[in-house]
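Q: Quick one: this structure, given as structure tokens, is what I'll be asking you about.
Every read-out reported here was derived from the displayed coordinates using simple, explicitly stated rules and does not represent laboratory data. The model shown is predicted, which means the values in this text are computed figures rather than measured ones. As a convention, Cβ positions derive from the backbone with ideal geometry for all residues, glycine included, and neighbour counts pool all protein chains shown.
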Amino acid sequence: MIIAVDGPTASGKGTIAKALAQHFGLPHLDTGLLYRAVGYQVFLYDGAPDDPVEARAATTFPNELLGHPELRSEATGGLASRVSVHPGVRKALLERQQAFAGQPGGAVLDGRDIGTVIAPNADVKLFVTASVEARAKRRWQEMRDRGESHTLLEIEDDLRRRDERDRNRAAAPLTVAPDALVLDTTALDKDASIAAAIEAVREAMGKTS
Ligand code: DC
């Protein structure tokens with residue numbers, strides 16, 4: 001069973017994808033981490049994230065980079081959003097994601113284009129969303145726990161900028177697949193979001209089997 005979980009930054013999609021993977025006994029890939037690694041690799045080499053050639057070259061980042069704590073920072077998220085607009089970067093990361101999705105037994109992948117580009121034949125597609133205010137508050141708490149100090153307004157502005165870039169880029173923009181189930185987590189806490197997602201997957205699988 002392949003489960004595609006897409007949605008904007010801080011919508012709760014990562015938490016939901018991880019929980020679904022655990023519940024259904026499937027491996028999980030956070031595809032945002034791959035773009036974050038590319039963005040961070042560009043930064044390490046003092047490169048230009050908006051340059052398609054330099055960004056493409058950074059897709060050969062070493063695997064160990066995926067465990068680097070800086071990948072989770074707000075700054076790296078911004079770099080990831082910038083490098084992810086380049087078609088060459090997306091193409092270079094495609095095979096790795098599709099191989100993960102295609103492994104025997106299936107997988108859970110979360111990102112922006114899983115249901116539309118990476119695994120259009122996924123058995124279940126969830127599009128997780130929430131208001132920008134709710135997402136900013138969650139991200140602010142997450143960053144505070146990491147020891148990063150940002151104001152709520154800074155985070156909200158940053159989320160709006162990233163939403164805009166992710167939704168309007170030409171290559172694989174963030175969009176709701178026509179056959180995706182939309183899960184709005186604005187009014188849901190973590191446990192309620194997970195429970196709703198598990199229920200949605202069960203229902204979707206019931207319908208197709
Ligand atoms: O989910 P995240 O915040 O870790 O993702 C960081 C950036 O990576 C996001 O702003 C856009 C990009 N991304 C993408 O373009 N496609 C994906 N499948 C996952 C992430």
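Q: In nm, give the distance between the simple-model label positions of THR60 and ASP123, each being 7 Å from the Cα along the Cα-to-Cβ direction.
A: 3.8 nm
Q: If you don't mind, there's one more thing I want to ask. What number of lysine-lysine pairs in the chain show an alpha-carbon separation below 27 angstrom, given a sequence spacing of 8 or more or placement on distinct chains?
A: Value for the chain: 16.
Q: Another one. Just need the relative contact order of region 23-158 here, percent rounded to a whole number, with Cα pairs under 8 Å and 6+ apart.
A: 26 percent
Q: Here's a follow-up. Going toward the positive end of the dipole of the chain, with +1 on Lys and Arg Cβ and -1 on Asp and Glu Cβ, which of LEU71, ALA187, ILE114 do you reach last?
A: Positive-end residue among those listed: ILE114.
Q: Could you check how many percent of all C-alpha pairs in the chain are farther apart than 32 Å?
A: Counting every Cα pair in the chain, those more than 32 Å apart make up 12 percent.
Q: Over region 1-76, what is the relative contact order in whole percent, taking alpha-carbon pairs under 8 Å and six or more residues apart?
A: Normalised by residue count, the contact order of region 1-76 is 24 percent.
Q: Another question, if that's okay. Using θ = phi - 60° and the Karplus relation 6.51 cos²θ - 1.76 cosθ + 1.60, list the HN-Hα couplings for region 25-38 in order, rounded to whole Hz, with x at every Gly or Pro.
A: Karplus-based 3J(HN,Hα) across region 25-38 equals x, 10, x, 10, 10, 8, 6, x, 5, 5, 5, 5, 5, 5 Hz.
Q: Counting each DSSP H run of 4 or more residues in the chain as -39500 (n - 2.57), what helix-only mean residue ellipticity at 222 nm follows after dividing by all residues, to the nearest 500 deg cm²/dmol?
A: Value at 222 nm, helices only, nearest 500: -16500 deg cm²/dmol.
Q: Taking the Cα centre of the chain as origin, work out the dipole magnitude from +1 charges on Lys and Arg Cβ and -1 charges on Asp and Glu Cβ, in debye rounded to 20.
A: 280 debye
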